[in-house]
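This report concerns only the one structure given below.
The values are calculated or read from the model by the stated rules, or taken from the named source; none is laboratory data. It should be emphasised that the depicted structure is a prediction, and the values quoted were computed from it without experimental measurement. Virtual Cβ from ideal backbone geometry, glycine too; neighbours counted across all protein chains shown. These accessible areas exclude ligands, DNA and RNA; they are computed on the full protein's heavy atoms, side chains included. Shrake-Rupley method; radii C 1.70, N 1.55, O 1.52, S 1.80 Å.
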Amino acid sequence: MKIALITGSSGLIGSESVHFFAEKFDLILGIDNNMRAYFFGQDASTAWNENRIAALHTNYKHFNTDIRDYAGLEEIFQTYGKDIALIIHTAAQPSHDWAAKEPLTDFTINANGTLNLLELTRQHAPDAVFLFTSTNKVYGDNPNLLPLQELETRWEVISDHPYFKEGIDEHMSLDQTKHSIFGASKVAADVLVQEYGRYFGMKTAVFRGGCLTGPNHSGTQLHGFLSYLMRCSITKDPYTIFGYKGKQVRDNIHSHDLVNMFWSFYQAPRSGEVYNAGGSRFSNCSMLEAIRMCEEITGNKMKYSYTETNRIGDHIWYISDVSKFKSHYPTWSYQHDLQSILSEMFQSMSRRLKVTH
Ligand SMILES: NC(=O)c1ccc[n+]([C@@H]2O[C@H](COP(=O)([O-])OP(=O)(O)OC[C@H]3O[C@@H](n4cnc5c(N)ncnc54)[C@H](O)[C@@H]3O)[C@@H](O)[C@H]2O)c1
(Lines give C-alpha, C1' and ligand atoms only; values in the text may rest on other atoms or scores of the structure.)
Protein backbone atom coordinates (compact mmCIF):
# COMPACT_ATOMS: atom_id res chain seq x y z
CA MET A 1 0.00 0.00 0.00
CA LYS A 2 1.27 3.46 -0.91
CA ILE A 3 0.32 6.22 1.52
CA ALA A 4 0.70 10.00 1.59
CA LEU A 5 0.48 11.75 4.96
CA ILE A 6 -0.55 15.41 4.79
CA THR A 7 -0.55 17.75 7.78
CA GLY A 8 -2.73 20.87 7.71
CA SER A 9 -4.94 18.86 5.36
CA SER A 10 -7.95 21.17 5.75
CA GLY A 11 -5.91 24.29 4.97
CA LEU A 12 -5.13 25.84 1.61
CA ILE A 13 -2.03 23.86 0.59
CA GLY A 14 -2.92 20.74 2.55
CA SER A 15 -6.35 20.38 0.94
CA GLU A 16 -4.95 21.05 -2.53
CA SER A 17 -2.41 18.30 -1.83
CA VAL A 18 -5.16 15.88 -0.78
CA HIS A 19 -7.02 16.47 -4.07
CA PHE A 20 -3.90 16.18 -6.14
CA PHE A 21 -2.50 13.03 -4.55
CA ALA A 22 -5.77 11.17 -3.81
CA GLU A 23 -5.75 9.57 -7.25
CA LYS A 24 -2.02 8.84 -7.15
CA PHE A 25 -1.89 7.08 -3.74
CA ASP A 26 -3.93 4.23 -2.21
CA LEU A 27 -4.58 6.12 0.99
CA ILE A 28 -4.26 9.73 2.13
CA LEU A 29 -3.89 10.41 5.85
CA GLY A 30 -4.83 13.97 6.79
CA ILE A 31 -3.86 15.61 10.08
CA ASP A 32 -5.62 18.86 11.02
CA ASN A 33 -7.20 19.97 14.30
CA ASN A 34 -8.67 23.21 12.89
CA MET A 35 -6.38 25.38 14.98
CA ARG A 36 -6.90 28.04 12.32
CA ALA A 37 -10.24 28.81 14.01
CA TYR A 38 -8.41 29.22 17.33
CA PHE A 39 -5.87 31.57 15.72
CA PHE A 40 -8.21 33.76 13.68
CA GLY A 41 -11.81 33.06 14.75
CA GLN A 42 -14.70 31.15 13.19
CA ASP A 43 -14.54 33.09 9.90
CA ALA A 44 -11.18 31.44 9.24
CA SER A 45 -12.25 27.94 10.29
CA THR A 46 -11.22 25.20 7.88
CA ALA A 47 -13.96 22.78 9.02
CA TRP A 48 -15.91 23.38 5.77
CA ASN A 49 -12.89 22.20 3.81
CA GLU A 50 -12.39 19.10 5.95
CA ASN A 51 -16.02 18.08 5.24
CA ARG A 52 -15.61 18.80 1.53
CA ILE A 53 -12.47 16.66 1.24
CA ALA A 54 -13.98 13.76 3.18
CA ALA A 55 -17.03 13.83 0.87
CA LEU A 56 -14.90 13.94 -2.28
CA HIS A 57 -12.31 11.27 -1.55
CA THR A 58 -13.17 7.81 -0.21
CA ASN A 59 -9.47 7.01 0.30
CA TYR A 60 -9.06 9.98 2.69
CA LYS A 61 -8.74 9.35 6.45
CA HIS A 62 -8.79 12.32 8.82
CA PHE A 63 -7.04 12.65 12.18
CA ASN A 64 -7.88 15.51 14.50
CA THR A 65 -4.41 15.22 16.02
CA ASP A 66 -2.36 18.24 17.12
CA ILE A 67 1.14 18.13 15.62
CA ARG A 68 2.49 19.10 19.05
CA ASP A 69 1.19 15.75 20.37
CA TYR A 70 4.14 13.41 19.78
CA ALA A 71 2.38 10.33 21.23
CA GLY A 72 -0.70 10.95 19.09
CA LEU A 73 1.42 11.27 15.95
CA GLU A 74 3.47 8.22 16.91
CA GLU A 75 0.34 6.04 16.89
CA ILE A 76 -0.31 7.07 13.28
CA PHE A 77 3.29 6.41 12.21
CA GLN A 78 3.35 3.08 14.07
CA THR A 79 0.14 1.96 12.36
CA TYR A 80 1.18 2.83 8.78
CA GLY A 81 5.00 2.70 9.04
CA LYS A 82 6.96 2.18 5.85
CA ASP A 83 3.84 2.30 3.69
CA ILE A 84 4.07 6.07 4.12
CA ALA A 85 5.92 7.15 0.97
CA LEU A 86 5.26 10.89 1.09
CA ILE A 87 4.83 13.44 3.87
CA ILE A 88 3.64 16.93 3.02
CA HIS A 89 3.90 19.07 6.12
CA THR A 90 1.83 22.26 5.85
CA ALA A 91 0.25 22.57 9.32
CA ALA A 92 1.41 25.78 10.94
CA GLN A 93 0.64 28.94 12.81
CA PRO A 94 1.03 31.15 9.72
CA SER A 95 0.79 34.78 10.90
CA HIS A 96 3.41 37.32 12.06
CA ASP A 97 0.94 39.33 14.08
CA TRP A 98 -0.61 36.34 15.82
CA ALA A 99 2.77 34.84 16.73
CA ALA A 100 3.60 37.88 18.85
CA LYS A 101 0.46 37.23 20.93
CA GLU A 102 1.48 33.68 21.91
CA PRO A 103 5.14 33.02 21.06
CA LEU A 104 5.16 29.70 22.90
CA THR A 105 2.18 28.38 20.96
CA ASP A 106 3.68 29.62 17.69
CA PHE A 107 7.07 28.03 18.32
CA THR A 108 5.80 24.70 19.63
CA ILE A 109 3.57 24.29 16.56
CA ASN A 110 5.96 25.56 13.89
CA ALA A 111 9.30 24.34 15.21
CA ASN A 112 8.62 21.49 17.66
CA GLY A 113 5.72 20.17 15.55
CA THR A 114 8.05 19.95 12.54
CA LEU A 115 10.71 18.20 14.61
CA ASN A 116 8.09 15.68 15.84
CA LEU A 117 7.19 14.84 12.24
CA LEU A 118 10.80 14.63 11.03
CA GLU A 119 11.85 12.37 13.87
CA LEU A 120 8.82 10.07 13.49
CA THR A 121 9.54 9.87 9.76
CA ARG A 122 13.15 8.92 10.51
CA GLN A 123 11.99 6.25 13.00
CA HIS A 124 9.14 4.72 10.99
CA ALA A 125 9.38 5.69 7.30
CA PRO A 126 12.97 6.77 6.64
CA ASP A 127 12.68 6.31 2.86
CA ALA A 128 9.68 8.61 2.56
CA VAL A 129 9.93 11.97 0.79
CA PHE A 130 9.39 14.78 3.33
CA LEU A 131 8.22 18.17 1.96
CA PHE A 132 7.90 21.26 4.10
CA THR A 133 6.16 24.54 3.31
CA SER A 134 8.49 27.19 4.66
CA THR A 135 8.15 30.90 3.92
CA ASN A 136 10.03 33.83 2.44
CA LYS A 137 9.81 35.36 5.94
CA VAL A 138 12.84 33.23 6.85
CA TYR A 139 14.85 35.96 5.06
CA GLY A 140 13.54 38.39 7.67
CA ASP A 141 13.87 42.06 6.76
CA ASN A 142 16.77 41.45 4.37
CA PRO A 143 14.65 41.95 1.23
CA ASN A 144 13.85 45.47 2.55
CA LEU A 145 17.56 46.38 2.27
CA LEU A 146 17.48 45.98 -1.52
CA PRO A 147 17.80 49.19 -3.55
CA LEU A 148 14.20 49.94 -4.48
CA GLN A 149 12.63 52.64 -6.58
CA GLU A 150 9.09 53.96 -6.30
CA LEU A 151 6.96 53.60 -9.41
CA GLU A 152 3.40 54.82 -9.92
CA THR A 153 1.66 51.77 -8.43
CA ARG A 154 4.48 49.69 -6.97
CA TRP A 155 7.96 49.45 -5.50
CA GLU A 156 10.52 47.83 -7.79
CA VAL A 157 14.14 46.77 -7.38
CA ILE A 158 16.46 48.90 -9.51
CA SER A 159 16.92 47.52 -13.01
CA ASP A 160 20.68 46.86 -12.86
CA HIS A 161 20.38 44.74 -9.70
CA PRO A 162 20.95 40.96 -10.10
CA TYR A 163 17.48 40.29 -8.63
CA PHE A 164 15.70 42.48 -11.20
CA LYS A 165 15.36 39.83 -13.91
CA GLU A 166 14.16 36.77 -11.97
CA GLY A 167 13.64 37.91 -8.35
CA ILE A 168 15.20 36.85 -5.02
CA ASP A 169 17.10 33.55 -5.00
CA GLU A 170 17.97 31.10 -2.22
CA HIS A 171 21.33 32.75 -1.50
CA MET A 172 19.82 35.65 0.40
CA SER A 173 21.05 35.54 4.02
CA LEU A 174 18.71 34.33 6.80
CA ASP A 175 20.95 35.83 9.45
CA GLN A 176 21.16 39.07 11.49
CA THR A 177 17.81 40.46 10.45
CA LYS A 178 14.40 40.96 12.05
CA HIS A 179 12.21 37.95 11.27
CA SER A 180 9.26 38.46 13.61
CA ILE A 181 8.49 35.65 16.07
CA PHE A 182 6.72 33.73 13.30
CA GLY A 183 9.71 34.08 10.95
CA ALA A 184 12.02 32.78 13.67
CA SER A 185 9.93 29.68 14.36
CA LYS A 186 9.80 28.96 10.63
CA VAL A 187 13.60 29.39 10.35
CA ALA A 188 14.02 26.75 13.06
CA ALA A 189 11.76 24.35 11.17
CA ASP A 190 13.33 25.18 7.79
CA VAL A 191 16.85 24.44 9.05
CA LEU A 192 15.72 21.22 10.76
CA VAL A 193 14.18 19.94 7.52
CA GLN A 194 17.42 20.72 5.67
CA GLU A 195 19.41 18.99 8.42
CA TYR A 196 17.37 15.76 8.32
CA GLY A 197 18.35 15.68 4.66
CA ARG A 198 22.00 16.70 4.99
CA TYR A 199 22.79 14.91 8.27
CA PHE A 200 20.57 11.82 8.08
CA GLY A 201 20.43 11.56 4.27
CA MET A 202 16.64 11.68 4.16
CA LYS A 203 14.76 12.91 1.09
CA THR A 204 13.70 16.26 2.47
CA ALA A 205 12.91 19.53 0.75
CA VAL A 206 12.00 23.01 1.90
CA PHE A 207 9.71 25.19 -0.24
CA ARG A 208 10.00 28.84 0.81
CA GLY A 209 6.65 30.23 -0.21
CA GLY A 210 5.89 33.71 -1.43
CA CYS A 211 2.14 34.35 -1.11
CA LEU A 212 0.43 31.00 -1.52
CA THR A 213 -3.11 31.40 -2.65
CA GLY A 214 -6.11 29.84 -4.34
CA PRO A 215 -9.87 29.43 -4.13
CA ASN A 216 -9.76 27.26 -1.00
CA HIS A 217 -8.04 29.77 1.23
CA SER A 218 -9.99 30.74 4.35
CA GLY A 219 -8.67 34.30 4.12
CA THR A 220 -8.59 36.48 7.19
CA GLN A 221 -7.22 39.91 8.06
CA LEU A 222 -4.06 38.46 9.57
CA HIS A 223 -3.32 35.85 6.91
CA GLY A 224 -4.10 35.20 3.25
CA PHE A 225 -3.93 38.67 1.70
CA LEU A 226 -5.42 38.08 -1.76
CA SER A 227 -8.15 35.87 -0.39
CA TYR A 228 -9.09 38.40 2.30
CA LEU A 229 -8.95 41.26 -0.18
CA MET A 230 -11.31 39.44 -2.54
CA ARG A 231 -13.59 38.61 0.36
CA CYS A 232 -13.81 42.31 1.34
CA SER A 233 -14.36 43.26 -2.29
CA ILE A 234 -17.30 40.85 -2.52
CA THR A 235 -18.85 41.66 0.87
CA LYS A 236 -17.99 45.40 0.62
CA ASP A 237 -16.36 45.20 4.06
CA PRO A 238 -13.65 47.82 4.73
CA TYR A 239 -10.02 46.86 4.02
CA THR A 240 -6.96 48.44 5.65
CA ILE A 241 -3.61 48.86 3.90
CA PHE A 242 -0.68 48.94 6.31
CA GLY A 243 2.18 51.22 5.18
CA TYR A 244 4.50 51.47 2.16
CA LYS A 245 1.84 53.60 0.36
CA GLY A 246 0.06 50.40 -0.66
CA LYS A 247 2.80 49.83 -3.21
CA GLN A 248 4.31 46.76 -1.51
CA VAL A 249 4.78 43.93 -3.99
CA ARG A 250 4.05 40.25 -3.39
CA ASP A 251 4.31 37.34 -5.74
CA ASN A 252 1.38 34.96 -5.70
CA ILE A 253 1.40 31.28 -6.59
CA HIS A 254 -1.72 29.18 -7.03
CA SER A 255 -1.88 26.26 -4.60
CA HIS A 256 -2.14 23.85 -7.55
CA ASP A 257 1.10 25.11 -9.11
CA LEU A 258 2.89 24.66 -5.77
CA VAL A 259 1.53 21.14 -5.27
CA ASN A 260 2.62 20.33 -8.80
CA MET A 261 6.15 21.29 -7.67
CA PHE A 262 5.75 18.74 -4.85
CA TRP A 263 4.79 16.10 -7.42
CA SER A 264 7.88 16.84 -9.55
CA PHE A 265 10.12 16.55 -6.50
CA TYR A 266 8.45 13.33 -5.30
CA GLN A 267 9.10 11.62 -8.63
CA ALA A 268 12.83 12.46 -8.60
CA PRO A 269 13.68 13.32 -4.99
CA ARG A 270 16.88 14.91 -3.76
CA SER A 271 18.19 15.41 -0.23
CA GLY A 272 18.08 18.53 1.99
CA GLU A 273 17.06 20.88 -0.84
CA VAL A 274 15.76 24.43 -0.51
CA TYR A 275 13.63 26.16 -3.14
CA ASN A 276 12.06 29.58 -3.33
CA ALA A 277 8.52 28.92 -4.46
CA GLY A 278 6.30 31.83 -5.41
CA GLY A 279 4.60 33.42 -8.35
CA SER A 280 7.91 34.97 -9.50
CA ARG A 281 7.89 37.52 -12.33
CA PHE A 282 5.05 35.45 -13.79
CA SER A 283 2.46 36.36 -11.13
CA ASN A 284 2.89 39.31 -8.78
CA CYS A 285 1.15 42.54 -7.79
CA SER A 286 1.23 45.47 -5.40
CA MET A 287 -1.64 46.11 -2.97
CA LEU A 288 -2.93 48.95 -5.14
CA GLU A 289 -2.76 46.80 -8.27
CA ALA A 290 -4.53 43.91 -6.49
CA ILE A 291 -7.30 46.26 -5.32
CA ARG A 292 -7.83 47.50 -8.87
CA MET A 293 -8.02 43.95 -10.20
CA CYS A 294 -10.53 42.89 -7.51
CA GLU A 295 -12.68 45.92 -8.30
CA GLU A 296 -12.70 45.00 -11.98
CA ILE A 297 -13.68 41.39 -11.27
CA THR A 298 -16.37 42.04 -8.62
CA GLY A 299 -17.65 45.31 -10.07
CA ASN A 300 -17.60 46.72 -6.51
CA LYS A 301 -15.64 49.81 -5.50
CA MET A 302 -13.32 48.79 -2.68
CA LYS A 303 -13.74 50.56 0.68
CA TYR A 304 -10.15 50.80 1.80
CA SER A 305 -8.28 52.98 4.23
CA TYR A 306 -4.58 53.56 4.72
CA THR A 307 -2.53 53.33 7.93
CA GLU A 308 1.00 54.70 7.80
CA THR A 309 2.50 52.03 10.09
CA ASN A 310 3.54 48.93 8.23
CA ARG A 311 3.26 45.45 9.70
CA ILE A 312 6.42 44.37 11.54
CA GLY A 313 8.46 42.11 9.28
CA ASP A 314 6.44 42.98 6.17
CA HIS A 315 8.35 42.99 2.89
CA ILE A 316 8.30 46.06 0.63
CA TRP A 317 9.18 44.11 -2.50
CA TYR A 318 9.38 40.35 -2.72
CA ILE A 319 9.47 38.34 -5.91
CA SER A 320 10.70 34.73 -5.77
CA ASP A 321 13.28 33.50 -8.22
CA VAL A 322 12.16 29.94 -9.04
CA SER A 323 15.02 29.22 -11.49
CA LYS A 324 16.72 26.76 -9.17
CA PHE A 325 13.60 24.61 -9.00
CA LYS A 326 13.10 24.89 -12.76
CA SER A 327 16.70 23.82 -13.39
CA HIS A 328 16.17 20.68 -11.25
CA TYR A 329 12.68 19.98 -12.66
CA PRO A 330 12.50 21.49 -16.16
CA THR A 331 9.12 19.97 -17.05
CA TRP A 332 7.32 21.92 -14.29
CA SER A 333 5.62 25.18 -15.29
CA TYR A 334 2.93 27.57 -14.04
CA GLN A 335 -0.67 26.91 -15.01
CA HIS A 336 -2.37 29.84 -13.22
CA ASP A 337 -1.64 33.55 -13.66
CA LEU A 338 -2.83 36.30 -11.34
CA GLN A 339 -5.97 37.15 -13.31
CA SER A 340 -7.13 33.53 -13.35
CA ILE A 341 -6.30 33.09 -9.64
CA LEU A 342 -8.49 36.08 -8.72
CA SER A 343 -11.33 35.07 -11.04
CA GLU A 344 -11.39 31.55 -9.63
CA MET A 345 -11.28 32.93 -6.10
CA PHE A 346 -14.21 35.21 -6.89
CA GLN A 347 -16.35 32.34 -8.17
CA SER A 348 -15.65 30.00 -5.29
CA MET A 349 -15.88 32.65 -2.58
CA SER A 350 -19.16 34.02 -3.90
CA ARG A 351 -20.58 30.50 -3.67
CA ARG A 352 -19.25 30.03 -0.14
CA LEU A 353 -20.53 33.41 1.02
CA LYS A 354 -23.79 32.79 -0.89
CA VAL A 355 -23.55 36.13 -2.68
CA THR A 356 -25.60 36.45 -5.85
CA HIS A 357 -24.56 38.72 -8.72
N1 LIG B 1 -0.57 31.13 2.61
C2 LIG B 1 0.55 31.80 2.44
O3 LIG B 1 0.55 32.90 1.89
C4 LIG B 1 1.86 31.22 2.87
C5 LIG B 1 3.03 31.86 2.48
C6 LIG B 1 4.26 31.30 2.82
C7 LIG B 1 4.29 30.13 3.56
N8 LIG B 1 3.14 29.53 3.96
C9 LIG B 1 3.23 28.29 4.75
O10 LIG B 1 2.57 27.27 4.02
C11 LIG B 1 1.92 26.38 4.92
C12 LIG B 1 0.49 26.21 4.54
O13 LIG B 1 -0.15 27.46 4.50
P14 LIG B 1 -1.70 27.56 4.27
O15 LIG B 1 -1.97 28.89 3.69
O16 LIG B 1 -2.19 26.32 3.62
O17 LIG B 1 -2.18 27.58 5.79
P18 LIG B 1 -3.64 27.29 6.37
O19 LIG B 1 -3.74 28.07 7.62
O20 LIG B 1 -4.67 27.46 5.30
O21 LIG B 1 -3.56 25.73 6.70
C22 LIG B 1 -2.82 25.23 7.78
C23 LIG B 1 -3.70 24.20 8.48
O24 LIG B 1 -2.94 23.67 9.58
C25 LIG B 1 -3.83 23.45 10.64
N26 LIG B 1 -3.08 23.48 11.89
C27 LIG B 1 -2.53 24.56 12.49
N28 LIG B 1 -1.95 24.21 13.65
C29 LIG B 1 -2.11 22.87 13.77
C30 LIG B 1 -1.70 21.93 14.75
N31 LIG B 1 -1.04 22.32 15.86
N32 LIG B 1 -2.00 20.63 14.56
C33 LIG B 1 -2.69 20.23 13.44
N34 LIG B 1 -3.11 21.09 12.49
C35 LIG B 1 -2.82 22.40 12.65
C36 LIG B 1 -4.86 24.58 10.55
O37 LIG B 1 -6.09 24.25 11.18
C38 LIG B 1 -5.00 24.77 9.05
O39 LIG B 1 -6.12 24.07 8.53
C40 LIG B 1 2.17 26.94 6.32
O41 LIG B 1 3.26 26.26 6.86
C42 LIG B 1 2.52 28.39 6.08
O43 LIG B 1 3.40 28.90 7.07
C44 LIG B 1 1.93 30.05 3.62
- Residues being open to solvent by 30 Å² or more (accessible area, probe 1.4 Å) and within 17 Å of Asn276 (Cα to Cα): count how many of those fall in region 147-174. 10
- Task: Tell me which residues, restricted to region 144-158, are within 13 Å of Trp317 (Cβ to Cβ) and either in a loop (DSSP other than H, G, I, E, B) or hydroxyl-bearing (Ser, Thr, Tyr) (or both).
- Result: Leu146, Pro147, Leu151, Thr153, Arg154, Ile158
- Item | Matching residues in region 184-199 - criterion: being among the hydroxyl-bearing types (Ser, Thr, Tyr), buried (at least 18 other Cβ atoms within 10 Å of the Cβ) and away from the ligand (no atom under 16 Å from the Cβ) | Tyr196
- Query: Can you tell me which residues in region 17-37 are within 8 Å of the ligand (Cβ to nearest atom), open to solvent by 20 Å² or more (accessible area, probe 1.4 Å) and either at pLDDT below 95 or assigned to a helix (DSSP H, G or I) (or both)?
  - Reply: Met35, Arg36
- Among the residues of region 126-143, is any away from the ligand (no atom under 14 Å from the Cβ), part of a strand (DSSP E or B) and either over 16 Å from the mean Cα position of the chain (by Cα) or exposed (fewer than 15 other Cβ atoms within 10 Å of the Cβ) (or both)? yes
- Would you say His89 is under 26 Å from Tyr318 (Cβ atoms) and either crowded, with 24+ Cβ neighbours inside 10 Å or in contact (Cβ under 8 Å) with a residue 24 or more places away in the chain (or both)? yes
- Item | Residues located in region 41-56, provided they are open to solvent by 30 Å² or more (accessible area, probe 1.4 Å) and not acidic (Asp, Glu) | Gln42, Ala47, Trp48, Asn51, Arg52, Ala54, Ala55, Leu56
- Message: What's the number of the only condition in (1) of a type in the set (Ser, Thr, Tyr); (2) closer than 26 Å to Phe262 by Cα; (3) crowded, with 19+ Cβ neighbours inside 10 Å that Ser180 fails to meet?
- Response: (2)
- Query: Right, Ala100: open to solvent by 10 Å² or more (accessible area, probe 1.4 Å), closer than 17 Å to His223 by Cα and away from the ligand (no atom under 13 Å from the Cβ) or not?
  - Reply: yes
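Just to be sure before I move on: is Phe262 in contact with a helix residue (DSSP H, G or I) (Cβ under 8 Å, 6 or more places away or on another chain), open to solvent by less than 10 Å² (accessible area, probe 1.4 Å) and more than 18 Å from Pro143 (Cβ to Cβ) in the structure I sent? Let's see the steps before the verdict.
Values: in contact with a helix residue (DSSP H, G or I) (Cβ under 8 Å, 6 or more places away or on another chain): yes; open to solvent by less than 10 Å² (accessible area, probe 1.4 Å): yes; more than 18 Å from Pro143 (Cβ to Cβ): yes.
So Phe262 passes the test.
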- Candidates Ser173, Ser159, Ser255, filtered to the one that is within 13 Å of the ligand (Cβ to nearest atom) and over 24 Å from Lys301 (Cβ atoms): Ser255
- Query: In the set Gly313, Gly299, Gly272, which member is open to solvent by 30 Å² or more (accessible area, probe 1.4 Å) and either aliphatic (A, V, I, L, M) or at positive phi (or both)?
  - Reply: Gly299
- Task: Within region 51-70, count every residue that is more than 8 Å from the ligand (Cβ to nearest atom) and either β-branched (Val, Ile, Thr) or not in a loop (DSSP other than H, G, I, E, B) (or both).
- Result: 12
